[in-house]
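**Student:** Okay, here's the structure, questions in a sec.
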Amino acid sequence: MTVAEFIPEPYPDVLPKGQVTWQAPSNIALVKYWGKKENQIPANPSISFTLDSCRTTTSLSFQKKEKLDGFFDFELLFENEKKKSFRPKIEQFFKRIEEYLPFLRNYRFLIDTSNSFPHSSGIASSASGMSALALCLMSLERSLVPGMTEAFFIKKASFLARLGSGSACRSIEGELVVWGSHENINGSSDLFGTRYAGEIHSNFKNYQDSILLVDKGEKKVSSTVGHELMNGHPFAGSRFEQAHENIDKLREILETGDLDAFTKLVESEALTLHAMMMTGQPYFLLMKPHTLEIINRIMDFRNSTGLHPCFTLDAGANVHVLYPEKEKEEVRKFITDELAQFCQNGQYIHDQLGKGAKEVS
Ligand code: DP6
C-alpha cells in the first residue's frame, strides 16, 4: 500500500452541511515509538494496548462555504472554551492531510472536543484527540464517496491520524495495535496502525492499566522534539533494532501468557525510552523523584507478593501500572494504600483494555 491509495478521486457528491461525533481512546505503547523520519514515518515498529475509559470526544460540524476563499476555516472549542493554543497543531494537521482530503478548504468547521480524563492531567491527549478528529473527517468523506468499505475507512482514519500525531494511528481500533512495518507481522505498515491479529492468551483479557498522575505540568521537552533528538543519537541504530526484536519476543509472550516475561519486556522498553532521552544531546530527564519511588515500590510489591503489576512510562513523569484482571483487587489496594501518596493531589485513573473508537449518534 502506498500513499497514492489515500488520494481520492474527485467527489461525485456535495454535502452542504452536517455534524458527526466520534469518541476515540488513548493508548499505551508496550514497545515504544521513539524516533521518526520525514512525513511521520516511524523509525521502528511499535505496539500498544488501546485503553477504554481515557477518551476524547470530538464533534465536527461542517458547512460548505458559499465562496471558496482558499483558506482553512475552523473554530476550536476545548471543553466548551475557545482554545487558541491548539490552533497551530490543527492548522499543521490540515496542511499535512489536505492532499488526502481535498474538501478541507471548502468547508467551515467547528471542532468541539473534550476529554474524559482530567484537564491537563499530563495524559497524552494528542493520540485520542487526533484520532477522534481524523475519524470525524473520514465520516464526512464517507458521505462524499459512496461505497467506501469499512476496512478502508478504518485504514485511512489511522493513516490521517498518524499525520496528526504518530501514536494517534494506534487509537482507532482495539485491543492491541501495531504500527510500523515488521517483517513477521503480516500487513504491518509504516503508514497506519493495524489491529494485532496474533494469538492472545487469556491472561491478557481485560488487562488493567492504572495511570498514576505524578506530574501534571507542561512537559519540558515535547515528544516531537524528543523524536528529533533520535536523529544522530549514538544508540539509535541498536535501539531501533531492539524494538524489532522486542516485538518478536512480545508476540511469543502474548501467545503463551508468560506474565514474568511480559514484565521484563515492558519495563525494559519504558526504561530504554527514558534512557534514550538521558543519553541524547541535548539530554533531558522527564522522570521525577516520585516516578522512581513508585517504580521501586512496584518492584518490591511484585517480589514480596508474587503478583504481576508492571510499570510503563510515556514521554513524561506519570506511571502506567499494568496488571492482569484477576489481580485487580490486590493491585488496586496496593495503589490506594502505597502509591497514591506519590501522585499529584493523590490522583490516579483506573482503565483497562478497550475495543477502539466509536461513533456517537
Ligand atoms: C513516548 O505520537 O506524541 O508516547 O508523532 O511527534 O506527535 P508525534 O509524537 P507522539 O509520540 C509518542 C511517543 C511515546 C511512545 C509511544 O506512544 O509509542
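**Student:** Using Cα-Cα distances under 8 Å and only pairs 6 or more residues apart, what relative contact order does the range 109-250 have, in percent?
**Tutor:** 20
**Student:** Rounded to the nearest Å, what's the spacing between the alpha carbon centres of the range 135-192 and the range 1-53? Just the number, please.
**Tutor:** 5
**Student:** Using a 10 angstrom cutoff on alpha carbons, build the Gaussian network for the chain and name the most mobile of Val20, Val31, Val178.
**Tutor:** Of Val20, Val31, Val178, the Gaussian network model singles out Val20 as fluctuating most.
**Student:** Grab the eigenvalues of the alpha-carbon gyration tensor for the chain, scale each by 5, take roots, and send me the semi-axes largest first in whole angstrom.
**Tutor:** 35, 22, 20
**Student:** With contacts defined as alpha carbon pairs under 8 Å and 6 or more residues apart, what's the relative contact order of the chain in percent?
**Tutor:** That works out to 24 percent.
**Student:** Around His290, with a cut-off of 13 angstrom between Cβ atoms, what is the net charge of the other residues, counting Lys and Arg +1 and Asp and Glu -1? Present the calculation step by step, with values, prior to reporting the outcome.
**Tutor:** Details: positive: Lys216, Lys288, Arg297; negative: Asp215, Glu293, Glu338.
Residues close to His290 contribute a combined charge of 0.
**Student:** Carbon and sulfur atoms: what percent of the 1.4 Å accessible area of the chain do they account for?
**Tutor:** On the way: 8010 of 16170 Å².
Carbon-and-sulfur percentage of accessible area, whole number: 50.
**Student:** Step through the table entries Lys220/Lys249; Lys65/Lys95; Lys155/Lys220; Lys36/Lys328; Lys32/Lys358; Lys89/Lys264, compare each Cα-Cα distance with 30 Å, and write down the pairs that go over it.
**Tutor:** With Cα atoms farther than 30 Å apart: Lys220/Lys249; Lys155/Lys220; Lys36/Lys328; Lys89/Lys264.
**Student:** Among 257-265, 42-50, how do they line up from the highest to the lowest mean number of other beta-carbon atoms within 10 Å?
**Tutor:** 42-50, 257-265
**Student:** Another question, then. If you count, for each residue, the other Cβ atoms within 10 Å and average over each peptide, how do 198-204, 302-308 line up from highest to lowest?
**Tutor:** 198-204, 302-308
**Student:** Continuing with this model, one more query. What accessible area per residue, rounded to a whole number of Å², is obtained for the chain using a probe radius of 1.4 Å? Present the calculation step by step, with values, prior to reporting the outcome.
**Tutor:** Numbers: 16170 Å² over 361 residues.
Per-residue accessible area for the chain comes out at 45 Å².
The values are calculated or read from the model by the stated rules, or taken from the named source; none is laboratory data. Computed from a prediction, not measured in an experiment: that's the story for all the values here. Glycine also receives a Cβ, built like all others from the backbone with ideal geometry; neighbour counts cover every protein chain displayed. Heavy atoms of the whole protein, side chains included, go into the accessibility calculation; ligands, DNA and RNA do not. Shrake-Rupley method; radii C 1.70, N 1.55, O 1.52, S 1.80 Å.
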